[in-house]
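A.B. asks: I'd like to ask some things about the structure below.
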Amino acid sequence: MILNFRSYITLMRIDKPIGIFLLLWPTLIALWLASNGVPNVKIVVIFVCGVFIMRSAGCVINDYADRNFDAHVTRTKNRPIASGTIKANSALKVFACMLTVALLLVLQLNTFTILLSCVAAILAIIYPFSKRFTNYPQFILGLAFAWSIPMAYAQVQGQLTNETWVLFLSSISWIIAYDTQYAMADKQDDLKVGIKSTAIAFGVYDKLIVFALQLCCLLGLYSIGVVNNFRWPFYLGLSMALCLAIYQQWIIKDRLPQRCMAAFLNNNYFGLVIFIGVMLS
């Protein structure tokens, strides 16, 4: 019984919260910007809970989609479905339950946000299967992870402004960058089993493109700061994020799998310092 409980914890990646944080920072940034620095506490709680639920649901459907591949990849061969500790049908039931909880959360929001949440659910389902038909599944992940941004603006302001889309595109750039680093760690195994990724598509330019995407993210955020006359803490946060991006380039310079994973994990601090900068300014 205990073993099975632990397997479900692993299936939902509750034991590895990095994905929650990477989804959380853009969401909080959007809520703070949309509400001019004074977000409604109830709305923040709903969105934070939604982040936790949808990230976990995404991990479940991802493992279901990759159940025939994970056993052949060193890093994923011990995942619950791949190792047989959880049946595929049971995983689908967990996914359905989590979507139901997400629905109960989003029903507390306005109609516009509810409609946008339908897109979020579709993207969460499409992403795991996109690795079969496109060399750029990280772009689909970017859309899925950044979709909380238009939802935040829809809830707080009732409309999607130019700022919404600048923040949305900036977040997508960052997400593609860090998920490429993640994919770089699995590149050799992915080539063997036939899974597509930007780490493969970018080839020898992978490190350069990762850094360029992070710069695009920071430039987009910088433009938001200029338009809104943000104070110095915001730009300090961007500067610290730039330093982290440069540091990540050093980490992945030899493309060693463990180092690429370390760079991926470092993006938690990239998002954190930007959020702190937004909050303080």
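A.B. asks: Could you figure out which of (1) closer than 30 Å to residue 46 by Cβ; (2) buried (at least 18 other Cβ atoms within 10 Å of the Cβ) isn't true of residue 248?
C.D. replies: (1)
A.B. asks: Which of the residues spanning segment 198-220 are hydroxyl-bearing (Ser, Thr, Tyr) and open to solvent by less than 50 Å² (accessible area, probe 1.4 Å)? Don't jump to the end; show me each part of the working.
C.D. replies: Residues of segment 198-220 that are hydroxyl-bearing (Ser, Thr, Tyr), as a first pass: 198, 205.
Correct list: 198 only.
A.B. asks: Pull out all pairs, ordered by first then second residue, where Cβ-Cβ is under 8 Å, the residues are six or more apart or on different chains, the first lies in segment 126-145 and is under 18 Å from residue 53 (Cβ atoms), and the second is among the charged types (D, E, K, R) and modelled with pLDDT of 95 or more.
C.D. replies: Taking only residues 6 or more apart or on different chains, the pairs are 141/179.
A.B. asks: Right, something else. All but one of (1) in contact (Cβ under 8 Å) with a residue 12 or more places away in the chain; (2) among the hydroxyl-bearing types (Ser, Thr, Tyr); (3) part of a helix (DSSP H, G or I) hold for residue 90; state the number of the condition that does not hold.
C.D. replies: Against the list (1) in contact (Cβ under 8 Å) with a residue 12 or more places away in the chain; (2) among the hydroxyl-bearing types (Ser, Thr, Tyr); (3) part of a helix (DSSP H, G or I), residue 90 comes up short only on (1).
A.B. asks: Tell me which of these residue 228 doesn't satisfy, since it passes every other one: (1) under 25 Å from residue 62 (Cα atoms); (2) over 21 Å from the mean Cα position of the chain (by Cα); (3) surrounded by fewer than 17 Cβ atoms within 10 Å (Cβ to Cβ).
C.D. replies: If we test residue 228 against (1) under 25 Å from residue 62 (Cα atoms); (2) over 21 Å from the mean Cα position of the chain (by Cα); (3) surrounded by fewer than 17 Cβ atoms within 10 Å (Cβ to Cβ), just (1) comes out false.
A.B. asks: For residue 71, only one of the following conditions fails: (1) part of a helix (DSSP H, G or I); (2) of a type outside the set (Lys, Arg); (3) surrounded by 20 or more Cβ atoms within 10 Å (Cβ to Cβ). What is its number?
C.D. replies: (3)
A.B. asks: Take the conditions without any contact (Cβ under 8 Å) to a residue 40 or more places away in the chain and within 29 Å of residue 44 (Cα to Cα) and apply them to residue 168. Does it pass? Don't jump to the end; show me each part of the working.
C.D. replies: Details: without any contact (Cβ under 8 Å) to a residue 40 or more places away in the chain: yes; within 29 Å of residue 44 (Cα to Cα): yes.
So residue 168 fits the description; yes.
A.B. asks: Can you tell me which condition residue 195 does not meet? The list is (1) open to solvent by less than 30 Å² (accessible area, probe 1.4 Å); (2) under 30 Å from residue 38 (Cβ atoms); (3) under 22 Å from the mean Cα position of the chain (by Cα); (4) not basic (Lys, Arg), and all the others hold.
C.D. replies: Single failed check for residue 195: (2).
A.B. asks: Test residue 234 against the stated conditions and say whether it is at pLDDT 95 or above, open to solvent by 40 Å² or more (accessible area, probe 1.4 Å) and of a type in the set (Phe, Trp, Tyr). Steps first, answer last, please.
C.D. replies: On the way: at pLDDT 95 or above: yes; open to solvent by 40 Å² or more (accessible area, probe 1.4 Å): no; of a type in the set (Phe, Trp, Tyr): yes.
When the stated conditions are applied, residue 234 does not pass them.
A.B. asks: Where residues in segment 21-45 are surrounded by fewer than 18 Cβ atoms within 10 Å (Cβ to Cβ) and either without any contact (Cβ under 8 Å) to a residue 24 or more places away in the chain or not polar (S, T, N, Q) (or both), which of them is nearest to residue 76 (Cα to Cα)?
C.D. replies: Going residue by residue through segment 21-45, those that are surrounded by fewer than 18 Cβ atoms within 10 Å (Cβ to Cβ) are 21, 35-38, 40-42, 44-45.
Checking the rest, the ones that are also either without any contact (Cβ under 8 Å) to a residue 24 or more places away in the chain or not polar (S, T, N, Q) (or both) come to 21, 36-38, 41-42, 44-45.
Working: 21: 21, 36: 42, 37: 40, 38: 41, 41: 38, 42: 37, 44: 33, 45: 32 Å.
For segment 21-45, the residue satisfying everything is 21.
A.B. asks: Check residue 85 against each of (1) out of contact with any Gly (no Cβ under 9 Å at 6 or more places or on another chain); (2) in a helix (DSSP H, G or I); (3) touching a residue at least 12 places away in the same chain (Cβ under 8 Å); (4) more than 24 Å from residue 268 (Cα to Cα) and name the one condition it does not meet.
C.D. replies: It fails just one condition, (2).
A.B. asks: What single numbered condition from (1) more than 17 Å from residue 56 (Cα to Cα); (2) within 20 Å of the chain's Cα centre (by Cα) fails to hold for residue 111?
C.D. replies: (2)
The values are calculated or read from the model by the stated rules, or taken from the named source; none is laboratory data. Note that this is a predicted model, so its numbers are computed, not measured. Don't worry about glycine lacking a Cβ; one is built from the backbone with ideal geometry, like all the others, and counts go over all protein chains shown. Protein only, heavy atoms only, side chains kept; ligands, DNA and RNA dropped before computing areas. Shrake-Rupley method; radii C 1.70, N 1.55, O 1.52, S 1.80 Å.
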